[in-house]
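The values are calculated or read from the model by the stated rules, or taken from the named source; none is laboratory data. All of these numbers come straight from a predicted model, not from anything done at the bench. Every residue, glycine as well, gets a Cβ built from its backbone with ideal geometry; the counts of neighbours run over all protein chains shown. Each accessible area value is taken on the protein alone, full model and side chains, heavy atoms only, with ligands, DNA and RNA left out. Shrake-Rupley method; radii C 1.70, N 1.55, O 1.52, S 1.80 Å.
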Amino acid sequence: MIRSVSGLRSGAETVALQARFPVVALTIAKHAPIFVILCLPPAIWAAVERVWPLAIALAVPAGCAMLLFLIVSRQDLPDSLSKIEALVAVALVFLLGALVPAPAYMAIGMPPLDALFESMSAITTTGLSVSRDPDAWPFAAHFLRGWMQWCGGLVMATAVLALLLPPGVPARRLGRAGIDQGDRIASTRSQARQLLGVYLGLTAILAAAAMAVLPGWREGLVISLSAISTAGFSPRADSLASYSALGKAVVMLGCIAGAMSLLTFVLLLQGKARDAWALGSARRVLGTVTVLSAIQATIILGTGNTAEQAFDGVVNVISALTTTGFSAGAIPTIGPVAVLLMAAMFIGGDIGSTAGGLKLARVGLLGRLVLHAVRSARLPDNAVAPLRMNRKPVKPATVNALLALLSIYITAVGLLWMQCLAHGFPPGPALFDIISTLSTVGLSTGVVGADLPVDVKLSLTFAMWLGRLEFIAVLVLISPKTWMKRS
């Protein structure tokens, strides 16, 4: 048996593919327009505000990215682009999405490591901040953060597929690497266009509503960019706390929409309301929001707090579940509310959305897996009773991927927690902020800040990148076997 397993392992290694650096480099170069989209609008805003250091720090990489794209525009991606090359290219595009704008944060006075942390938090739609005084920033810097979050929510994954790449094998493989629920619509290119259109439409609707109820159109715009991408940066240091109840409610509606599979809205626009409901995303998100909000309100009211405090608590739990990261007040560090918020952040939004976390559909599958194991123990040995989800058998590969993701997530939480405990951080708050980081939420108990030790700041920066790409793509990228040629 041992020899057989060894033989299988060596056989798998024999046929395993390695990433070809020239192909990966060309794939990234083909994504260069994304960095123009990422940097040019904030550069223009900064120029209008006459914040010239910020404008220059963004305009230069935008110009370089455009030049790079012009150089490679006539070269086609090879049909031999493999799954592993698509994965590492997507991971590197997000890494570059943090590195390229980082000098812009340095231009407004942030140290290099803090600038990288802030930039990574923006592009991964996390919303954690290490800025010492964001209220002193020019508004162009707040627009930069909101715009980066909006781009990181969906534009990074769809813009090139929707607008630049022709249909074919490379587009399909990049689509599967970057878009959840791939091939649910006619083609990857068609899907990318429709998802991007829905994303733009939802953003426009939310922005119009937010501008009507929040103080000033600029704040309404920036909050909308963060909310629909389920991010969490706010132009105010107190996040949503100083906004009206109506303003908070409108923002939360945007967060809930962003936490649903965008395919739901595509199907609705196609007049397929029954298919949109059957997809299950709306049921999962709305049902979980309702249950957790009721629990949160009951806990807060049951401890003698006011209805206003209960409302703010509901805002916080919706923000945690949708992994948006806005807060309407102080985040508790101990007690049932803190536990509920951590559970909500761990669960996250749904597959096919811009949200982070483990995802509601996967949590549902985990529950079914437990029930299936219990039921299987009562069945005879020759019974055929496959695990089912939505009345369809679940492939073993799907279960394996889910268990791998859960294992990696828990391991990462444990390692980061031990690192924080070694620095003397209190256990509860440290665990809360680590889950917030890995689920790309942005809620904080105060552990994350400008005074974080350098090694913790680096680890959390890496953790945001890991969490945004759901671990596997980054682990494939840094694995030596991805790049080593077989002898």
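The set of residues from region 211-243 being part of a loop (DSSP other than H, G, I, E, B) and among the β-branched types (Val, Ile, Thr) comprises just one member, THR230.
Scanning region 269-287 for residues that are buried (at least 16 other Cβ atoms within 10 Å of the Cβ), closer than 25 Å to LEU225 by Cα and over 19 Å from the mean Cα position of the chain (by Cα) yields a count of 1. For the residues GLU118, GLU85, the requirement of being assigned to a helix (DSSP H, G or I), at pLDDT 95 or above and among the charged types (D, E, K, R) singles out GLU118. When we screen ALA412, ALA430, ALA338, ALA385 for residues that are open to solvent by less than 40 Å² (accessible area, probe 1.4 Å), touching a Phe, Trp or Tyr at 6+ places or on another chain (Cβ under 9 Å), aliphatic (A, V, I, L, M) and farther than 27 Å from ILE299 by Cα, the only hit is ALA412. Among the residues of region 124-143, those that are touching a residue at least 60 places away in the same chain (Cβ under 8 Å) and in a helix (DSSP H, G or I) comprise PRO134, ASP135, PHE139, ALA140, ALA141, HIS142, PHE143. Residue selection: LEU421 satisfies the criterion of being more than 22 Å from the chain's Cα centre (by Cα), modelled with pLDDT of 90 or more and assigned to a helix (DSSP H, G or I). Set side by side, the residues ALA282, ALA204, ALA237, ALA241 differ, and just one is free of Cβ contacts under 8 Å to residues at least 60 places away in the same chain and touching a helix residue (DSSP H, G or I) at 6+ places or on another chain (Cβ under 8 Å), which is ALA282. Among the residues of region 91-104, which ones are within 24 Å of GLY63 (Cβ to Cβ), in contact with a Leu (Cβ under 8 Å, 6 or more places away or on another chain) and assigned to a helix (DSSP H, G or I)? Within region 91-104, LEU92, PHE94, GLY97, ALA98, LEU99, ALA102, ALA104 qualify. Filtering region 359-407 to residues that are charged (D, E, K, R) and under 21 Å from ARG284 (Cα atoms) leaves LYS359, ARG362, ARG368, ARG388, ARG391, LYS392.
Scanning region 20-63 for residues that are in contact with a Phe, Trp or Tyr (Cβ under 7 Å, 6 or more places away or on another chain) and over 28 Å from PRO78 (Cα atoms), we see that the one that is most open to solvent (accessible area, probe 1.4 Å) is GLU49.
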